[in-house]
Structures are given as C-alpha cells and as structure tokens.
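Here the structure is laid out as structure tokens; the discussion comes afterwards.
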Amino acid sequence: MRTPQVPPQPTDAELDRYILTRYALLGIDISVLPESDPEAPMDQERLLANGRSILRQDVVAADFEIDPQFHLPTPHPAPFVAWTAESDR
Amino acid sequence: MSGPLDRHVSRRWFLDRMAWVSAAAAGQAVLPTGAGATTPRRRAWVADLPTPAVQQQDLTELTLAETVALVRDGRLDPEALIDAHVDRIERYDHAYQAYADRADRETLKAFARTTPADGVDAALRGVCIAPKDNFYTSDMLTEGGSLVYEGFQPDYDATVVATMRAAGALVIGKAQMGNLAGGRARVYGTTTPTTRNAWTPDDVRYSPAGSSSGTGTAVAARLAVAGLGTQTGGSVLGPGNAQGLTCMKPTFGRVSLHGVIPLSHTRDHVGSMARNALDAAILLQVIAHPDPLDPRTMGLPPNPDYVRAATPHPGANPAVRWPTRVGIWPGWAEGRDAALRSDFLDWLQSAGNVHFVGEVTPPDQWDELTSSPLGGSHGDPTAFFIEHLRRDVRLFAERLPRFLNGMLQSADTYVKVQQARLLLLHRMQEQLFNQCDVVLVDGTGAFDGTGLPAMCMPIGLGRDDETGAEVPRGVTLAALPFGEERLFAVAAAYQAVTQHHTRRPPDPTV
C-alpha cells in the first residue's frame with residue numbers, strides 16, 4: 001500500500017484555472033474586465049491575485065486547530081452570550 | 001438589578017427564557033409580535049431632558065437632546081428646524097456632497113405636521129436624521145453607493161427608518177457611502193471621491209473615512225442633527241473619529257438589520273452617529289428593540305436606560321456612573337496622537353469611579369484569531385449578490401473581490417472562521433475583560449467580528465501631514481457584550497468636563 005504523500009503545492013497558473021472554472025460554473029464572466037490596468041477600478045490580474053490569496057488562506061485555516069467540543073461554529077457570538085448566559089463564565 | 005448590564009446578563013434571565021421555550025413547546029407562549037413588545041421603549045427620558053439654557057440663533061447648532069427638549073416644551077417649531085437644515089444643505093452640499101438623495105422641504109413639513117406634539121411616540125419630533133444610503137426608504141432611492149443598486153427604489157422602510165419616523169424623526173436625506181459599504185464615498189463605479197470631510201470641505205484629499213462617509217459629514221457639518229451608519233469593519237467609528245463625532249456601534253443584535261443592504265450577515269451593525277454621547281444614546285434608545293423581521297434581535301436582555309447612562313453622574317469631577325476599570329491596548333499611548341492621548345489618560349486617572357489599569361495583556365493567539373482568514377468574513381456577501389455578479393461584474397468596481405470570495409473560500413474554512421469567533425469571544429471574556437471593563441483600542445476588527453460594542457469620541461485636534469489641515473482626533477473604546485452603558489458613562493463623564501465634542505468645523509468657502 002502506498003504511503004500518502006503531501007502533494008506539491010499548486011502553481012499560480014493552476015489556481016487561476018481553478019478560479020476561472022469556478023466562476024464559469026456559476027455563469028460569471030470576468031473577461032469584461034481589463035486584463036491588467038492599475039488605473040481601472042478592477043482588472044483580471046488583481047482579481048485573480050486576490051482569489052489565489054483566498055484559496056491559499058484555506059491552508060492557514062485548516063492548520064489552526066480548534067476543539068469543536070468546546071467551540072462550536074457561531075456566526076453571532078455576542079448575542080450567544082445572552083442566549084447561553086455566557087457572561088456567567 | 002443594579003449596575004450596568006454587561007456583568008448582569010443573568011442566569012435568571014436565561015432560566016426565564018428557558019421557561020418561555022418550554023411554554024412555547026406546549027403551545028402556551030405568545031411570541032412578541034411587534035417592535036418593543038418585550039422591551040417597552042422608554043419615553044420618560046424625554047421629560048427628563050433639561051431645557052437648554054441658551055436658545056441657539058443657528059438652529060443647526062442644536063444637539064439632538066436640545067432639539068428634543070425645545071420641541072417638547074413648545075419653544076421650537078419642527079418646521080423651523082426643517083428650514084434651517086434644508087437651507088444649509090442647499091447652500092453647502094454642493095461642496096460637501098454628503099447626500100445621495102434628499103427629501104424636499106414641503107414633504108418634510110407635511111410629515112412634521114402629522115406627528116402629534118405630545119404623543120409618547122413623538123420622542124424625535126422635528127429631529128433631522130441622515131441615514132446612510134444602505135437603509136431602505138420607501139420615498140427615496142437606496143443605492144448603496146453602487147452601480148449594483150443604481151435606481152433602486154424600495155417599497156418599504158428599513159425597520160430602523162420606520163422606527164425613527166414613528167418617533168417623529170425627519171429623514172432629511174440619504175447619505176452617500178462607500179461602494180457597497182466599503183471605503184469612502186465615490187462616484188459610482190469609479191475611484192473618484194465625492195463626499196468631503198466636514199473639516200476640509202475645500203480639500204477632497206483628506207478623507208471623510210468610510211464607509212458611512214456621508215452620514216459622518218452630514219452630522220459634523222450640521223446638515224443633520226444625527227445619523228445612522230452601518231459597521232462591518234469600522235465603518236461607523238472610522239468616519240466618527242475622522243470628523244469629531246461621538247458614535248456607538250452597539251452589540252450585534254441590538255438593532256434590526258431588516259431593510260439594510262447586507263454586506264456580512266454575521267458582522268453588520270447599525271450604529272448611531274451624533275455630536276455627543278447623550279445624542280448617540282437617545283438615538284440608540286429609540287432604534288434598539290426586538291424586531292420579528294430580524295430574528296437576530298430576538299431573545300436578548302431588555303434594553304437598559306442608555307440615556308441615563310449617557311447623562312453625567314453627579315459627583316466629583318464628575319464621576320463615571322459606575323466603578324469601571326479602564327485599560328489600554330499595548331502601544332496605544334504612543335504614536336501620532338501621543339500628546340492628546342496622554343491628556344486623555346490624565347483625565348482618566350483623575351476621574352471619579354475609574355480605575356485605570358494601564359496596558360492590558362492581549363488574549364492568547366490574538367493575532368491569529370483576529371487576522372485573515374480566521375478573523376475575516378470573506379464568504380459572507382457572495383450568496384446575496386449572485387444575480388448581480390452574473391449581470392455584470394463591472395458593477396462592483398473596486399469591491400468585486402469581496403463579493404466573489406465566497407465562491408472560493410471553502411466550507412471547511414467558513415466553519416473554522418465561525419469556530420474561531422466563539423473561541424475569540426471566550427478569550428476576550430476570560431483573558432481581556434478580566435483585566436478591565438472598557439479597553440481603549442485602535443482597530444475594531446476583533447470587536448466587529450465578535451459583535452461587541454464599541455464607541456468613539458473626539459479628544460482634540462491634530463495636523464494632517466498631507467493637507468496641513470487641522471482635523472479631529474478621536475479615541476475608540478470597547479466593552480463586553482451589552483456593555484453600551486459602560487461606554488456611554490465614560491464618554492459622558494469626559495464630555496462633561498471637555499469641549500472637543502462641541503467644536504464646529506469651518507464652512508466651505510466656495
């Protein structure tokens with residue numbers, strides 16, 4: 001049986017293809033943006049760079065361990081204090 | 001119950017709620033069916049407000065509290081207030097560019113005539129309010145500072161707008177804002193700024209801050225008495241500090257978001273923007289109530305008396321109303337505003353009922369829990385905007401990445417972010433607010449993400465390096481969930497002995 005290996009990290013070009021595929025899947029066309037124009041409000045180059053950053057941040061999040069037995073996913077933590085009497089902690 | 005609410009979100013209340021849940025399961029309980037059904041809105045404070053000693057010649061200089069008191073006493077006609085504000089807007093808003101849309105004078109007067117002079121719901125009668133342009137208004141456009149909503153005319157009012165109008169407030173206009181609640185206000189779809197900072201009306205370079213830019217400018221420039229902003233990442237307190245205002249971003253859930261263009265359903269807050277703590281408290285007192293149309297507001301502890309909290313407490317110096325430990329974030333006393341902050345700390349250390357604890361120690365893993373990705377909300381807006389993204393991504397201009405990120409952030413990261421929020425809240429409760437009740441900070445991201453209350457107020461003027469202009473400097477204070485009273489009490493005590501909040505910016509020269 002093969003031992004699992006850590007796959008090589010995807011390249012920028014591979015991530016760009018992933019990003020464009022994801023947009024296309026949902027019917028979103030970013031080709032209407034200029035390819036690269038720092039003077040424009042937005043261009044494809046900046047958009048893809050941002051997308052790559054978001055994807056790579058998934059690794060940071062995955063590496064951060066939080067015990068789900070003590071810290072449930074909570075979209076609204078502050079009201080949770082009242083709903084669970086957390087201020088008595 | 002005595003003392004502020006932050007330390008008393010009680011076990012008894014929790015048990016009461018559980019009893020209600022049990023009764024509901026048995027088909028016995030009756031849900032609150034209307035705004036304020038579980039939290040009767042207090043009107044006693046209207047009667048308690050002191051009558052201003054001196055009648056202002058310029059009615060736009062009246063504070064909200066003074067306006068309410070004078071109208072209450074029959075010494076001021078709401079139509080005169082309308083004329084004063086509309087006159088000023090017509091004279092100067094071409095320079096400020098604070099408003100995206102405005103009500104006309106006669107419509108406002110007709111509305112004012114429908115508000116009973118002595119009704120319990122007339123608390124804000126005659127008060128000219130400037131909500132940000134992401135609050136739905138049935139009689140004015142709601143464009144969110146964006147091409148996405150260009151020409152959008154809602155057919156109903158946001159809950160907070162309806163609440164203010166029911167209290168007699170006059171929505172004098174819709175204030176310009178950053179594109180879909182990000183950055184300073186700009187010409188839609190471009191990088192060209194519009195709204196000026198009220199302190200530099202002749203110089204577009206100095207930012208009014210965002211995204212509640214227009215509301216901040218309208219209130220500071222006396223084009224409105226007070227305003228409503230929204231904050232997902234500093235968008236109320238940023239313009240507040242940039243323009244010498246006193247603003248409150250309350251605990252998440254305190255104010256309904258129904259009828260507000262969403263950015264993040266987990267982090268958006270409605271905040272009151274005003275000229276002093278008492279005004280901000282009055283506005284919050286009116287708009288904070290349970291709203292069945294926004295379940296996030298339901299089941300919270302009853303609203304306390306914010307107006308009382310923001311009324312200076314008699315005593316030496318005068319004292320902060322409740323014994324309060326105040327800390328500062330590491331490094332807070334240093335930097336650009338060190339001299340002003342030093343003066344502020346001098347006051348803190350001399351104020352009655354304040355125990356200054358110095359620099360606090362940040363909770364464990366603070367940086368990891370408050371920075372991207374764990375401290376962010378990247379995935380939140382996408383789902384609400386798919387149809388517009390398909391229509392044309394150019395409508396989003398510089399904000400496009402924020403609205404596409406939800407397609408790329410994985411579900412496991414989204415869940416981890418929500419876990420991190422609760423972990424961060426626990427750490428703040430156990431490792432930050434064990435050291436203090438109020439903390440002075442520079443950024444509010446951690447407090448926006450966890451939904452904790454935060455407030456700002458001016459502490460003096462400083463010189464902007466780029467323009468050379470003299471502009472306001474402020475401080476930001478934060479507290480535990482439901483700690484608004486603490487914040488109001490500290491601000492009110494400070495403003496009782498200082499005049500920074502009364503400074504008026506110069507008029508435009510063109």
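Coordinate-derived values only; no laboratory data. All figures in this text were calculated on a predicted structure; none of them were measured in a lab. So basically every Cβ, Gly included, is an ideal-geometry build from the backbone, and we count neighbours across all protein chains shown.
The phi torsions of the stretch B:481-497, fed into the Karplus equation with coefficients 6.51, -1.76 and 1.60 and a -60° offset, translate into couplings of x, 6, x, 4, 4, 4, 5, 4, 5, 5, 5, 5, 5, 5, 6, 6, 10 Hz, rounded to whole numbers, with Gly and Pro shown as x.
If you model the stretch B:441-503 as an ellipsoid using its alpha carbon gyration tensor, with each semi-axis the square root of five times an eigenvalue, the axes come out at 25, 17, 6 Å, biggest first. For the pair B:His94 and A:Thr84, a Förster radius of 56 Å applied to the C-beta separation gives a FRET efficiency near 0.60, rounded to the nearest 0.05.
Charges were assigned to the Cβ only: +1 to each Lys and Arg, -1 to each Asp and Glu. The resulting dipole of the protein assembly as shown about its Cα centre is roughly 1180 debye. Residue-normalised convex hull volume from the C-alpha trace of the stretch B:144-282: 105 Å³ per residue. For the stretch B:483-505, the residues whose amide N sits under 18 Å from a probe point set 7 Å from the Cα of B:Asp346 along the beta carbon direction are B:494-501. The Rg/Rh ratio of the stretch B:383-486, with both radii computed over alpha carbons and Rh defined as the Kirkwood radius, is 1.11. Around the Cα centre of chain B, unit charges on the Cβ atoms of Lys, Arg, Asp and Glu (plus for the first two, minus for the last two) sum to a dipole of about 740 debye.
Here the scattering of chain B is modelled by Debye summation over its C-alpha atoms, one equal scatterer each and no solvent; at q = 0.07, 0.09 Å⁻¹ the log10 of I(q)/I(0) is -0.35, -0.59.
For a footprinting-style exposure proxy, rank B:Lys109, B:Lys174, B:Lys249, B:Lys416 by other Cβ within 10 Å, fewest first. Provide the component values of the computation, followed by the final result.
Numbers: B:Lys109 16, B:Lys174 28, B:Lys249 34, B:Lys416 23.
Ranked by crowding around the Cβ, least crowded first: B:Lys109, B:Lys416, B:Lys174, B:Lys249.
Rounded to 0.05, the FRET efficiency of the B:Asp104 and B:Asp367 pair, given R0 = 45 Å and the Cβ-Cβ distance, is 0.30.
Just to check, using Stokes-Einstein with a Kirkwood Rh over alpha carbon pairs, what's the diffusion coefficient of the protein assembly as shown at 37 °C and 0.692 mPa s in µm²/s?
Numbers: Rh = 24.8 Å.
Once the numbers are plugged in, D ends up at 133 µm²/s.
Hey, got a sec? Which trypsin sites (Lys or Arg not before Pro) in the stretch B:204-283 land in a DSSP loop and have at most 11 other Cβ atoms within 10 Å?
Details: sites: B:Arg205, B:Arg222, B:Arg254, B:Arg267, B:Arg275; in loops: B:Arg205, B:Arg222, B:Arg254, B:Arg267, B:Arg275.
Sparse-neighbourhood loop trypsin sites (Lys or Arg not before Pro): none present.
What translational diffusion coefficient, to the nearest whole µm²/s, does the stretch B:100-195 have by Stokes-Einstein, given a Kirkwood radius computed over alpha-carbon pairs, a temperature of 25 °C and 0.890 mPa s viscosity? Show your work: numbers first, answer last.
Numbers: Rh = 13.9 Å.
Rounded, D is 176 µm²/s.
Pairs of Cα atoms nearer than 8 Å and 6+ residues apart set the relative contact order; for chain B it is 16 percent.
Once you reduce the stretch B:312-381 and the stretch A:1-63 to the center of their Cα atoms, the two points are 39 Å from each other.
Note on B:Glu466 and B:Gln153: with the Förster distance fixed at 45 Å, the Cβ-Cβ geometry gives a FRET efficiency of about 0.70. Evaluating kT/(6 pi eta Rh) at 37 °C and 0.692 mPa s, with the Kirkwood radius of the stretch A:12-88 over Cα pairs in the Stokes-Einstein relation, gives 206 µm² s⁻¹.
Out of the stretch A:1-77, which trypsin sites (Lys or Arg not before Pro) are coil in DSSP terms and have no more than 13 other C-beta atoms within 10 Å? Could you put the intermediate results ahead of the total?
On the way: sites: A:Arg2, A:Arg17, A:Arg22, A:Arg46, A:Arg52, A:Arg56; in loops: A:Arg2.
Filter output for the stretch A:1-77: A:Arg2.
Each part gets one Cα centre, and for the stretch A:70-84 versus the stretch B:219-241 those centres are 28 Å apart.
Placing unit charges on the Cβ atoms only, positive for Lys and Arg and negative for Asp and Glu, gives the stretch A:1-45 a dipole magnitude near 560 debye about its Cα centre.
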